[in-house]
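Engineer: Let me give you the structure first, and then I'll get to my questions.
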Amino acid sequence: MSFDLLTTVETGGCSAKIPPRQLEELLKDLPLPSDPAILVDISTHDDAGVYKINDETALVITTDFFPPMVSDGYEFGLVAATNSISDVYAMGGTPLVALNIMMFPSSRIPMEVYRDILRGGNDKALEAGVSIIGGHTIDDYPPKYGLAVIGTVHPEKIITNAGVKEGDDLILTKPIGTGIILAGHRMQMTVPSQLEAAVMAMKQLNAAGCALMQKYGVRGATDITGFGLAGHALKMARASGVTISLDLQSVPLLDGTWNLADQGCIPGASFRNLDYTERETRLTDGLDYNLKMIAHDAQTSGGLLMAVEPGKSSELLKELQEAGHPEAAIIGRAVSREDMALVLG
């Protein structure tokens, strides 16, 4: 390895996000644009913006970037691009083109690493059928990388975090625990196979999940990233006017996640996310503390959380598992709005 990117950061990946409560406070007074062509804006804190071009086509527009969460530049590029493209999939869209966003300290890190990061991003974009057609770089430390992505979706087939209906089953497509595994790796508490599994999950596109959501008429979904499973589920519940009840025993976990949490390896982002959710969350009696904190673990390039009609969920889950997501699982249900927006049990 020519250069270890982890030596440049204390917090990488989606763990580097501004805490959600602070972010909402910052955004609450910003005026919303008034344009009938805007189909999705920031009012529900969804994954991407959507702009209608005509009756058949709307643009899905998103951007994402962050500091390294892995040592190798090429793998960093792969993960960052996967994460950026995921927001288009979460809206039910087809990603088309992207621009590189790069902050790189040219005098402090070998330029070969810069090339490796871009190569990783380009290779993942090609896998997704996305053409990178430009970008922008500034000299900055520590390095940061991501993409601005544009895709398309039919205006009547947009999937949003406000589309959850009472009675829907909640399916999670990828196991969680990347924040804890990455922290454990930095503290030399993991074995190589645990880190490898986490990186493989972060590099897996959410394309199959997106295609199946459109096939089965799903209209409520989000992807799980920096605000953790609980934080993103809460945003869905708020936007949809329902209560989401999650069975944390059913949530698939990356190997080693629970044991690391039990040893006290719980990143600070988990506590910031808990601070965000706890006022609107009811915890069932006897809930395992480790599972509660894992539900708030900041994920990097996580899976999709989709709300599926109960009559369709078993078949969709079967197809999802056959399409490369063997650990996908039904982890909860949406019910009529109660006193709390989120229930963790």
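Engineer: For a test of the definition: using alpha carbon positions, the gyration tensor, and the 1.5 limit on a/c, classify segment 72-222 as rounded, prolate or oblate.
Structural biologist: oblate
Engineer: Is segment 169-344 rounded, prolate or oblate when judged by the Cα gyration tensor, a ≥ b ≥ c being the square roots of its eigenvalues, rounded requiring a/c under 1.5 and prolate requiring a/b larger than b/c?
Structural biologist: Cα axes put segment 169-344 in the oblate bin.
Engineer: Another one. I need the trypsin sites (Lys or Arg not before Pro) found in segment 18-55, filtered to DSSP loop residues with at most 11 other beta carbons within 10 Å of theirs.
Structural biologist: Counting only loop positions with at most 11 other Cβ atoms within 10 Å, the trypsin sites (Lys or Arg not before Pro) in segment 18-55 are K28.
Engineer: Output ³J(HN,Hα) for segment 244-259: one whole-Hz value per residue in order, computed from phi by the Karplus curve 6.51 cos²θ - 1.76 cosθ + 1.60 with θ = phi - 60°, and x for Gly and Pro.
Structural biologist: 9, 10, 10, 9, 5, 5, 8, 6, x, 10, 5, 4, x, 4, 5, 5
Engineer: Using the Cα gyration tensor of segment 5-153, with a ≥ b ≥ c the square roots of its eigenvalues, what is the shape: rounded (a/c below 1.5), prolate (a/b larger than b/c) or oblate (neither)?
Structural biologist: In terms of gyration-tensor shape, oblate.
Engineer: While we're on this one: Once you charge only the Cβ atoms, +1 for Lys and Arg and -1 for Asp and Glu, what is the size of the charge dipole of the chain about its Cα centre, to the nearest 20 debye?
Structural biologist: Computed charge dipole of the chain: roughly 140 debye.
Engineer: Using 30 Å as the Cα-Cα cut-off, could you pick out the over-long pairs in K144/K312; K292/K318; K124/K215; K17/K203?
Structural biologist: K144/K312
Engineer: Along segment 155-169, what does the Karplus equation 6.51 cos²θ - 1.76 cosθ + 1.60 (θ = phi - 60°) give for ³J(HN,Hα), rounded to whole Hz, x for Gly and Pro?
Structural biologist: 3J(HN,Hα) across segment 155-169, in whole Hz: x, 9, 10, 6, 9, 10, 6, 9, x, 6, 10, 3, x, 4, 7.
Engineer: While we're on this one: Along the charge dipole of segment 5-153, pointing to its positive end and built from +1/-1 on Cβ of Lys, Arg, Asp and Glu, which listed residue (G134, G73, T94) has its Cα farthest out?
Structural biologist: After comparing all options, I get G73.
Engineer: Tabulate in residue order the Karplus-calculated ³J(HN,Hα) for segment 18-35, using 6.51 cos²θ - 1.76 cosθ + 1.60 with θ = phi - 60°, rounded to whole Hz; enter x for Gly and Pro.
Structural biologist: Listing the rounded values in order: 4, x, x, 5, 5, 5, 4, 5, 5, 8, 5, 9, 6, x, 8, x, 10, 7 Hz.
Engineer: Might you report the magnitude of the Cβ-based charge dipole of segment 179-321 about its Cα centre, with Lys and Arg at +1 and Asp and Glu at -1, to the nearest 20 debye?
Structural biologist: Around 420 debye, computed over segment 179-321.
Engineer: Can you give the longest run of the chain that contains no GluC sites (Glu not before Pro) sitting in a DSSP loop with at most 10 other Cβ atoms inside 10 Å?
Structural biologist: Counting at most 10 other Cβ atoms within 10 Å as exposed, the longest clean stretch of the chain is 157-345.
Engineer: Dividing the alpha-carbon Rg of segment 248-336 by 2.2 N^0.38 Å yields what?
Structural biologist: 1.21
Engineer: Follow-up. If you take every residue apart from G92 with its C-beta less than 9 Å away from the C-beta of G92, what net charge results, scoring Lys and Arg +1 and Asp and Glu -1?
Structural biologist: In short, +2.
Engineer: For the chain, taking Cα atoms only, what is the radius of gyration to one decimal and the Dmax to the nearest whole Å?
Structural biologist: Answer for the chain, Rg first and Dmax second: 19.0, 58 Å.
Engineer: Search the structure for amide H atoms under 5 Å from the amide H of G49, placed 1.01 Å from N in the peptide plane, and list their residues when 5 or more places away or on another chain.
Structural biologist: For G49, whose amide H was placed from the backbone, the distant partners under 5 Å are I61.
Each value in this text was obtained by applying a stated rule to the coordinates, not by laboratory testing. As the structure is a prediction and not an experimental result, all values here were calculated from the model. Every residue, glycine among them, receives a Cβ derived from its backbone with ideal geometry; neighbour counts consider all protein chains shown.
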